[in-house]
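To start, the structure itself, in structure tokens.
The values are calculated or read from the model by the stated rules, or taken from the named source; none is laboratory data. What you see is a predicted model; the values in this text were computed from it and never measured. Note: ideal-geometry Cβ built from the backbone for every residue, glycine included; neighbour counts use all protein chains shown.
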Amino acid sequence: MKICPNCRKTYNDDGLNFCLEDGSVLTLVADKLPDTVMMNQPRYTNPNPGVGANQPGVRSSFGNQENYALQPKKKSSKAWIWVVGILGVLLLACGGGFGAFFLYVASLDTNSNVPASPTPVRGGGTPTPTPFPRNEVKNIDLQEWVEPTSSFGNKSFTGGEFFMSSKKKGYYYVVAAPEEYKTGSASTSVTMRNVDGADSTLGYGLVFHSNPTPLQKGYAFLLDTKKEKYRVVRHEPGKEIDVVNWTTSNAIKSGSSENTLEVRDTPDRIELYINGEMVTTIKNSYGYPGGVVGLYSGDAVNVAFKNLEIAK
């Protein structure tokens, strides 16, 4: 018996060499087929970017909210191998005079994709926090964010809190507000809690200066309350790039306790606060002009958000 490798049609005529359907070269069928092998399904990265606003029966006031993306893997630079090799030769030639310098270079962070860390805000003559007048405050009704439903993330509203999570670990789920909720020249804040105190390597928190279509361009200020760490990332299509690597902070309330994140956009810098304490600052080099606020949850962690507001 012979079989077509493309259309899988079988032929009993062993003298036939070509498929009568598509012309492919036929192959012999083995007496015993190999055992079935279960393959892992590939993970989708930012699928269906246009789903949401134009579908019948779907609330369009929040634009394209359906975005679900895999945490990108970081590429490590190999340049340090050459540096270590050259210094090793020098070390042998000079009898150990370069030993201390060799150890210092070998301990450097080799991730070439991570920008330089921002100026720390504790000690060392760091700028003081910028007061915000809060003349106009917009409180965002998170109950309206439950619709439309998503096949990639979970959303619900109970007891004054908006619950949100990605449906799989290793993924993050982002929802962005419509264009009227701009974060430029504003103080943007939200209170949140990790409901179950669960682990998360991606974090959860506040999105700002974002394209109304999420994950196209913008920033996210994220916490891991279990490890009492924060980080800042920026987004490009299909990419999540660290701006500030995971950093420990005493300002974070651990476990499932409530934490309030605040982002103050000033003319010179963006100030990032946890529970009223400024923990770091960054320059707005990549934000979306007229960007909006949003929320982020990663690793299938159930996060409860409330009191999302923008003050100017």
Filter region 158-196 for residues that are assigned to a loop (DSSP other than H, G, I, E, B), modelled with pLDDT of 95 or more and over 22 Å from Y286 (Cβ atoms); the one that is farthest from the chain's Cα centre (by Cα) is G159
By residue number, the members of region 280-303 that are aliphatic (A, V, I, L, M) and buried (at least 24 other Cβ atoms within 10 Å of the Cβ) are V292, V293, L295, V301, V303
Of the residues in region 147-157, those that are closer than 14 Å to V303 by Cα, crowded, with 17+ Cβ neighbours inside 10 Å and either out of contact with any Leu (no Cβ under 7 Å at 6 or more places or on another chain) or modelled with pLDDT under 90 (or both) number 2
Cβ pairs under 7 Å, 6+ apart or interchain, first in region 170-191 and closer than 12 Å to G205 by Cα and in the same structural domain as V137 (by TED's automatic domain parsing), second surrounded by fewer than 20 Cβ atoms within 10 Å (Cβ to Cβ) and among the acidic types (D, E), ordered by first then second residue, are S189/E309; T191/E258
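Tell me, which residue of region 224-238 that is within 12 Å of the chain's Cα centre (by Cα) and assigned to a strand (DSSP E or B) is farthest from A304 (Cα to Cα)?
Only one residue fits best here, namely E236.
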Only one of T280, T247 is touching a Pro at 6+ places or on another chain (Cβ under 7 Å) and hydroxyl-bearing (S, T, Y), namely T280
From the option list N245, N284, N250, single residue qualifying as assigned to a loop (DSSP other than H, G, I, E, B) and more than 22 Å from P178 (Cα to Cα) is N250
Flagged in region 287-312 as closer than 23 Å to F132 by Cα and not in a strand (DSSP E or B), in numbering order, are G287, Y288, P289, G290, G291, K312
